[in-house]
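Here, each number is a calculation from the coordinates, and none is a lab measurement. Model, not experiment: these values are computed from the prediction. When we count neighbours, we look across all protein chains shown, and the Cβ atoms used for this are built from the backbone with ideal geometry, even at glycine.
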Amino acid sequence: MFKLSQTLAGTWVITTPNPEERGWETQLAEFDMTSVTAGTPSGDALEMAAASSLAAIVSTIAGSRFEESNPSEVNDLYQVTSHDANAVARMEERVKKAFAFMHDHF
């Protein structure tokens with residue numbers, strides 16, 4: 001399972017379980033929100049980049065499961081987490097939009 005998680009500093013990271021060390025995760029990408037202001041065009045763009053990156057990774061791993069069916073069936077392959085419930089809801093919506101775009105255009 002892949003995770004898109006927000007740190008306490010507001011940065012979004014994409015991680016996956018580390019197969020060599022139980023309980024640890026490997027960071028695949030980082031989107032430093034401390035360099036932008038949330039709710040501004042630049043903040044929205046960086047959050048959409050994080051959501052789109054997660055969607056690209058998950059859809060690639062899912063393969064035909066993503067391409068031949070409803071993209072919502074890949075929901076068990078990722079999780080969005082944060083200390084802020086509003087941020088989770090916002091990013092889940094962005095991830096869904098990214099999946100829908102990919103499903104319609106690729």
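Structure values in brief
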item: Given charges at beta-carbon only (K, R positive; D, E negative), |dipole| of the chain in Debye; result: 120
item: Taking the chain and dividing mean pair separation by its residue count, relative contact order in percent (alpha carbons under 8 Å, at least six apart); result: 29
item: Calculated [θ] (222 nm, deg cm²/dmol) that DSSP helices of n ≥ 4 give over the chain, each run adding -39,500 (n - 2.57); result: -14500 deg cm²/dmol
item: Max mean-square fluctuation residue, GNM over the chain, Cα-Cα springs under 10 Å, options E47, E30, E20; result: E20
